[in-house]
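The values are calculated or read from the model by the stated rules, or taken from the named source; none is laboratory data. Keep in mind the model is a prediction, meaning the values are calculated, not measured. Neighbour counts are summed over all protein chains in view; Cβ atoms, including those assigned to glycine, are modelled from backbone coordinates with ideal geometry. Keep in mind that these areas ignore ligands, DNA and RNA; they rest on the heavy atoms of the full protein, side chains included. Shrake-Rupley method; radii C 1.70, N 1.55, O 1.52, S 1.80 Å.
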Amino acid sequence: MTTRTSNMAAGFAFVAPALLIYLFYFMLPIPLSALYSLFKWDGISPMTNFRGLNNYIRLFGDSVFWISFFNNVKLVILSLVIQLPMGLLLGLLVSSRLRGLGAYKLLFFVPMTISAVAIGITWKFIYEPNFGLLNTLLIKIGLENLALGWLGEPGLAMGAVIATISWQYIPLYMVIFAAALSGIPRELTEAAYIDGASGLQTFLHVTLPLLRGSIRTASILSITGSLKYFALIFVMTEGGPNYASELMATYMYKQAFTTFRMGYGSAIAVIMFVLSFWVTILALRIGKQSEGLSGT
Amino acid sequence: MNKRLLKGALACLLMFTTFFAFAGGGQEAGEASAAQGKEEKVELVLWDVQTSNILREIVDSSAQRFMEDYPNVVLDVVHIQNDAYKTKLKVAMGAGTPPDIFHNWGGGTLKAYIDSNNVHPITETAERLKGTNMEASFDPVTFDNTVYGVPYGGLNGVFLWYRKDVLARHNLQPPKTWDELIQVGEALKRNGIIPLALANKTKWTGSMYYMYIADRIGGNQMFANAYAGTGSFEDPGYIRTGQLIQELVRKDFFPKGFNGMDYDTGQSRNLLYTGKAGMMLMGAWILGAAASEAPEVLENIGILPFPAIEGGKGDPSNLIGSPGQNYFSVSQASKNKELATIFLRDYVMSDEWVQFMVENGYVPPVKGAAAMISDPLLKEAANYFEAANAVQLYYDQYLPPELGEMHKDVTQAIFGLAVSPEEAARQHQKALEEYMADQ
């Protein structure tokens, strides 16, 4: 009995530093933000101007907030549709037994190791309209008409940044899927082969169902990551031009720190938290249900 | 038994090391100074944004001199990257732990800190400094006849820079009026050269056109009146401003995709350096940038005041700029406000400081500055500054932060042809009225 309590105490002491940091920097700010969001507050003076739900009412009538919300939805959907299948494809490729794949495995993983800001600045130069890599290439191969101002046109900016975001994150999903694939026993695919299944059939009926867990993890990572996404947008377009690539997180940052509307920014943060929270729960539920239905 | 003891000891060790890892930063400095001095040490902290700028050298050496003169004082100078600084200062102010001396640009953002009682007034010190400093250099930090800072950067005006060689090659004269600007631009375009380099992801770059055109059309009082409520941002002069900007855009005078290009990474400067663009509207700090990025083109760069607009009310000598550009203020939370004020009074803009600025391509905000300058471009800029009838501080710095951001966003939308000039004027006015009603 005493051994157990002392074990627990020791265990607690071991996790205490991490736990305290987590509580202080990750958990505590959530209720605090909810509190700030009820005030009109600039973040520097005493917080005295209680406004109730005023910030939220304003938020729902704020067209820029809705633009940023739908941009987030766009990002969530496109990330799921682009990054996961591409990640799976690359995962399959690098875990197949073709020769000379080691180098590719490394190469594909490189974007994951570069910091987001460095990626953003590099791609800003790739997209640079007048002497950037992309447009120079397009002009060289005779496609002048397609050499556009990628980050400067409201209709293109979001797509251009999403392409970069995908480039950055596909390797993550590649690794997740490659790891899951290596956990699938060889016997199963061999059995399918003996039964006369084609490669595609084996993939659809043996491999894919066994990847369900990883697909679910990857989806949740992708959805929550996209809902709170900030880095590349902030570096490459700052949400512009004319809010065309504004996301909830960049809008929150601007409100709270650039225009000194901490209360309003906090309201956006609370909305983001609630959204991510429910979407994650929902995704977990759906994942569980489909697992139950298939009877595995 | 032993094992349990070991486990406990390890856990304690882990906790202690974590604790000291966090506390360590502050601890070391304190111990070091305690070991050296017998008398009580006073520590002051100064934050500025001179990470890459040469001004950091004079800030550092002046701090050094200050510490030599006051041996019991440690003045800790921290250079912070520009954009990160704005957030960092705001968080520090909000948490009640600002540095004793902090960099700012005057104007609306400083006013926000003043209104929340975070800035120490230094009117008396400023009155003394006005003996040598230009009086106007205190304008951006003066509110209700109280002064809250001292300038430590140079006079800065926005000018139309042009490539002498490029214009000469096509037999073009530098434009003095709007019509000439259009003619020169059309001629450059015919020769495959971008008339005006602009990187407007940065937004304040496009705002410079808005401020200048408005000034030339409506005079320098139009803005002051609009902000004070005696005029309006829906003044026909502002609507005309939007129209003229969109005329430049429709004529393709700016580079392709300019609303996505970034000034900070040099995307517009490159066009001027390589001669792909003929002209560029920018602050005089571009000379410092060019001196390090492309010194070989400096001799081919010419300076022009913003063109006069035919029929406009504005005096063509009016400048958009800042008479001090960078300011130091003392925070109210400082425990050593007097010492901090002494640093601002006796060390910033000292003779050494002025000398350093002159030698390194700055126009110090002191009386008779133009006479000290030998660099011809800089001298010309200083002359324009001294001859200016009025100097308008950048809107985004003059206005309170939320209005400043609104102005930049709307102006970017004008450039993107996403709003009509009338709609842009209406949005400016509406934001101002909402802001005023909220106060």
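For the cross-link pairs B:Lys164/B:Lys256; B:Lys130/B:Lys203; B:Lys335/B:Lys367, which exceed 25 Å when the distance is taken from alpha carbon to alpha carbon? Beyond 25 Å between Cα atoms: B:Lys130/B:Lys203; B:Lys335/B:Lys367. The modelled label-to-label distance between B:Lys313 and A:Ile141, using points 7 Å beyond Cα along the C-beta direction, is 5.7 nm.
Peptide A:11-19 is shielded by partner chain Cβ atoms: per residue, an average of 3 of them sit within 10 Å of its Cβ. Relative to the Cα centre, the charge distribution of the range A:49-295, modelled as +1 at Lys and Arg Cβ and -1 at Asp and Glu Cβ, gives a dipole magnitude of about 440 debye.
When B:Ser374, B:Ser317, B:Ser334 are compared by accessible area at a 1.4 angstrom probe, the order from most to least is B:Ser374, B:Ser317, B:Ser334. Partner shielding of A:245-258 amounts to 2, given as the average count of beta-carbon atoms from other chains within 10 Å of each residue beta-carbon. Please name which of B:Val184, B:Asn72, A:Thr224 has its Cα lying farthest along the dipole of the protein assembly as shown towards the positive end, using unit charges on Cβ (Lys, Arg +1; Asp, Glu -1) and the Cα centre as origin. Comparing the listed Cα positions along the dipole, A:Thr224 ranks first.
Dipole of the range A:49-295 computed with +1 at Lys/Arg Cβ and -1 at Asp/Glu Cβ about the Cα centre; of A:Ile281, A:Gly120, A:Leu143, farthest Cα towards the positive end is A:Ile281.
What's the magnitude of the charge dipole for chain B around its Cα centre, counting Lys and Arg as +1 and Asp and Glu as -1 at the beta-carbon? Answer in Debye, nearest 20. Provide the component values of the computation, followed by the final result.
Details: 37 positive and 52 negative charges, 249 e Å.
My answer is approximately 1200 debye.
For every other residue with a beta carbon closer than 13 angstrom to the beta carbon of A:Gly240, add +1 if it is Lys or Arg and -1 if Asp or Glu, then tell me the sum.
Numbers: positive: A:Lys124, A:Lys254, B:Lys201, B:Lys203, B:Lys408; negative: A:Glu153, A:Glu238, A:Glu246, B:Asp262, B:Glu405, B:Asp409.
Result for the local shell: -1.
Accessible-area rank, largest first, for A:Met272, A:Met112: A:Met112, A:Met272, with all protein chains present and a 1.4 angstrom probe. Close amide H contacts of B:Gly154 (hydrogens built in the peptide plane, cut-off under 5 Å, sequence separation of 5 or more or a different chain): B:Asn326. Using R0 = 45 Å, the C-beta based FRET efficiency linking A:Arg285 and A:Phe131 works out to 0.35. Of the residues B:Asp115, A:Asp195, ranked by 1.4 Å probe accessible area with the largest first, the sequence reads A:Asp195, B:Asp115.
Sort the range A:49-295 into rounded, prolate or oblate with this rule: let a ≥ b ≥ c be the square roots of the eigenvalues of the Cα gyration tensor; rounded if a/c is under 1.5, and if a/c is not under 1.5, prolate when a/b is larger than b/c, oblate otherwise. Write out the running numbers ahead of the final one.
Values: a/c = 2.72, a/b = 1.38, b/c = 1.97.
Taking the square roots of the gyration eigenvalues as a ≥ b ≥ c, the range A:49-295 is oblate.
With a 10 Å cut-off around each Cβ of A:35-44, the average count of Cβ atoms from other chains is 3. Between the listed residues A:Met252, A:Leu172, A:Thr202, the Cα displaced farthest toward the positive end of the dipole of the range A:49-295, a dipole computed from Cβ unit charges relative to the Cα centre, is found at A:Met252. Which of the three applies to chain B, rounded, prolate or oblate, going by the alpha-carbon gyration tensor with a ≥ b ≥ c and a/c under 1.5 meaning rounded? Prolate.
Packing order of peptides B:128-138, B:255-265, A:183-193, B:70-80, highest average first: B:255-265, B:128-138, B:70-80, A:183-193 (average count of other Cβ atoms within 10 Å over each peptide's residues).
Estimated purely from DSSP H runs of n ≥ 4, each contributing -39500 (n - 2.57), the mean residue ellipticity at 222 nm for chain A is -21500 deg cm²/dmol once divided by its residues. Once the Cβ-Cβ distance between B:Ala291 and B:Ala387 is put in as r, and R0 is 30 Å, what FRET efficiency do you end up with, to the nearest 0.05? Step by step, r from the Cβ atoms, then E = 0.75.
What dipole magnitude, in Debye to the nearest 20, does the protein assembly as shown give about its Cα centre under +1 on Lys/Arg Cβ and -1 on Asp/Glu Cβ?
On the way: 55 positive and 63 negative charges, 608 e Å.
Roughly 2920 debye for the protein assembly as shown.
Can you classify the range A:155-296 as rounded, prolate or oblate using the Cα gyration tensor, where a ≥ b ≥ c are the square roots of its eigenvalues, rounded means a/c under 1.5, and otherwise it's prolate if a/b beats b/c and oblate if not? Before the final figure, lay out the partial values.
On the way: a/c = 3.83, a/b = 2.18, b/c = 1.76.
Prolate.
In this structure B:Arg240 has an accessible area near 110 Å², from a 1.4 Å probe over the protein heavy atoms.
The range B:153-210 and the range A:156-222 have their alpha-carbon centroids 54 Å apart.
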